[in-house]
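*Asks:* Once you've had a glance at the structure underneath, I'll fire off some questions.
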Amino acid sequence: MTNNITRREWLVGTTAVAGGMVLNSSVSAQNMSEMMNMGAPISKDNPIRYTNNENPYGINPKAMKVILEAYKKAHLYNFTIRRELIDLIAGIEKIPSECIAVGAGSGEYLMASGALAGITGGDVIVPHPTFAAITRSASALGANIIRVPVEDDLSISLESMRKAMTNNTTCVYLCNPNNPIPSIIEKTSLEQFCLEVSKKAMLVIDEAYFEYVRDDGYSTMAHLVKDNPNIIILRTASKIHGFANVRIGFAFTHPDTMKKLMTFRSGTTSYPAIMGAIASYKDTEYQKFIVDKNYESLGILYKMFKELDMPYVNAHANFVYANAGRDAMEVRSKLLESGILIGRKYDPFPNWIRISTAKPEEMEYLVNIYKRDFG
Ligand SMILES: Cc1ncc(COP(=O)(O)O)c(C=O)c1O
C-alpha cells in the first residue's frame, strides 16, 4: 500500500473515532461538517450524497495527477491512446483486445446495445426493477419491453426470465449485481443461461458493480464473449474508480457484434479520461481500499437495519436496499432536512429505500439521524 493511502486511511480512521464521540452526544449537521472539514456546512442544499452509487473517496490521487497533466495535451485529437487502455483491460480480463471497446461510460454502450436490439423490433426482456438505461433506447427504436418481476426475496429468477422469452425476443438484459436491488446471480446457472439464451437472442450483462463483489458464487461472464457473438458485457470506471463525471466505460463482445455496436456509439471519451483510467486500473491497492471501506460502511448500515428490524437485501455493491416501512420519498425528504441525500423510490417497492455507501463516518452520521427521525 502506498504512503498516500496509508496516510489517508489513517486520517479517515481518526476522524471516524472522533466522529463517534461527537455523534454520541449530538447529531447536528454542523458537527458533522466541522468533523469532516467540508467547508460549507452540511445542509439541505449541500447534502452528503448517499445516492447515485458514487465513490465517496473520489478519483485515485495518482490518476488525478495524470488527468490534470493530460489536459496539457487535450487540445489534440488523440485517439490512439485508447489502444493502450484496451490492451491493459485485455490483460486484466484475459480476453482478446479486439473484444473490447472503450467509451464515455458504460451508459454509452447501454444506449448502443438498446438501439441494436431496438432496430429489429421484437421484445427486450428485463428484470423488474433494474437499471433502466437500455430500455430507453430500445423502446425509442421500436422494441417492446417486457419486465419480469423479481422473486419474493428480491432476487432475479433466471427461470422466470427464460419463461418470458418467445420467438419475438431479440434481447435479454441482466444487471449483475442488480440495481437498485444489490443482489447477484449464481455463476454456474448464469453461465448455462448465457450459453442457452445467446443461441436465440442477444444477451446484455451489465456488470457496473462487478469489482465490489466478494461472494464466491459470483463471476463475470466476460470469458464467454470471444466464442459467443450474441453476448455483450458492460463495465464502467464510474463506480470503484470514481470516474462518474470523467466518463470511461467498456463493452466486451465478439468482434462481429462489436462492428454493429460501434455504429450506434454516441460519442467518444477524452485523452485525459483515458490517461487517468490507465493509471487507476493499474493501482489495485487503491481499488482494494475502496472495496474494504465499502464493506465497513455496509456493516454500519446492517447493524442499524437489525436494530430497527428493517428487512434488507444482502448487498454485493456499494448500496443497500431496505424496507423503511413507510414511503421512500417521505424518508428521503425528511433525511434531506439533515443534509442526507438518499436514492429515490423505485417501482414496484414504494417503501424500500436505496442508500449508497459513503465513508464509514458519514454512515454513522446517517445512522444517528435515521434513528432519531424513524427509530
Ligand atoms: C447498473 C448500472 N449500469 C450502468 C450505469 C452507468 O454508468 P456509467 O457512468 O458508466 O454510464 C450505472 C450507473 O449508476 C448503473 O448503476
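*Asks:* What pairs can you find where one residue is in the range 63-88 and among the aromatic types (Phe, Trp, Tyr), the other is part of a helix (DSSP H, G or I), and their Cβ atoms are less than 7 Å apart, with a gap of 6+ or different chains?
*Replies:* 71/272
*Asks:* Still on this structure: What strands (runs of 3 or more DSSP E) lie completely within the range 95-179 and have 3 or more residues being open to solvent by less than 20 Å² (accessible area, probe 1.4 Å) and closer than 23 Å to residue 314 by Cβ?
*Replies:* 169-175
*Asks:* Among the residues of the range 238-267, write down those that are within 14 Å of residue 111 (Cα to Cα) and within 14 Å of the ligand (Cβ to nearest atom).
*Replies:* Scanning the range 238-267 gives 249, 250, 251, 265, 266, 267.
*Asks:* Follow-up question, since we're still on this one. Restricting to the range 207-238, what's the tally of residues that are among the polar types (S, T, N, Q) and over 16 Å from residue 281 (Cα atoms)?
*Replies:* Adding up the residues that qualify gives 4.
*Asks:* Restricting attention to the range 156-182, report how many residues are within 12 Å of the ligand (Cβ to nearest atom) and more than 18 Å from residue 232 (Cβ to Cβ).
*Replies:* 3
*Asks:* Any residue at all in the range 136-149 that's more than 16 Å from the ligand (Cβ to nearest atom) and touching a residue at least 40 places away in the same chain (Cβ under 8 Å)?
*Replies:* Yes; the residues of the range 136-149 include at least one that is more than 16 Å from the ligand (Cβ to nearest atom) and touching a residue at least 40 places away in the same chain (Cβ under 8 Å).
*Asks:* Within the range 302-353, which residues are surrounded by 13 or more Cβ atoms within 10 Å (Cβ to Cβ), among the polar types (S, T, N, Q) and not in a loop (DSSP other than H, G, I, E, B)?
*Replies:* Residue satisfying the conditions is 323 alone.
The values are calculated or read from the model by the stated rules, or taken from the named source; none is laboratory data. Nothing here was measured: the structure is a model prediction, and the numbers come from that model. No Cβ is skipped: glycine too gets one built from the backbone with ideal geometry, and neighbour counts run over all protein chains shown. Protein only, heavy atoms only, side chains kept; ligands, DNA and RNA dropped before computing areas. Shrake-Rupley method; radii C 1.70, N 1.55, O 1.52, S 1.80 Å.
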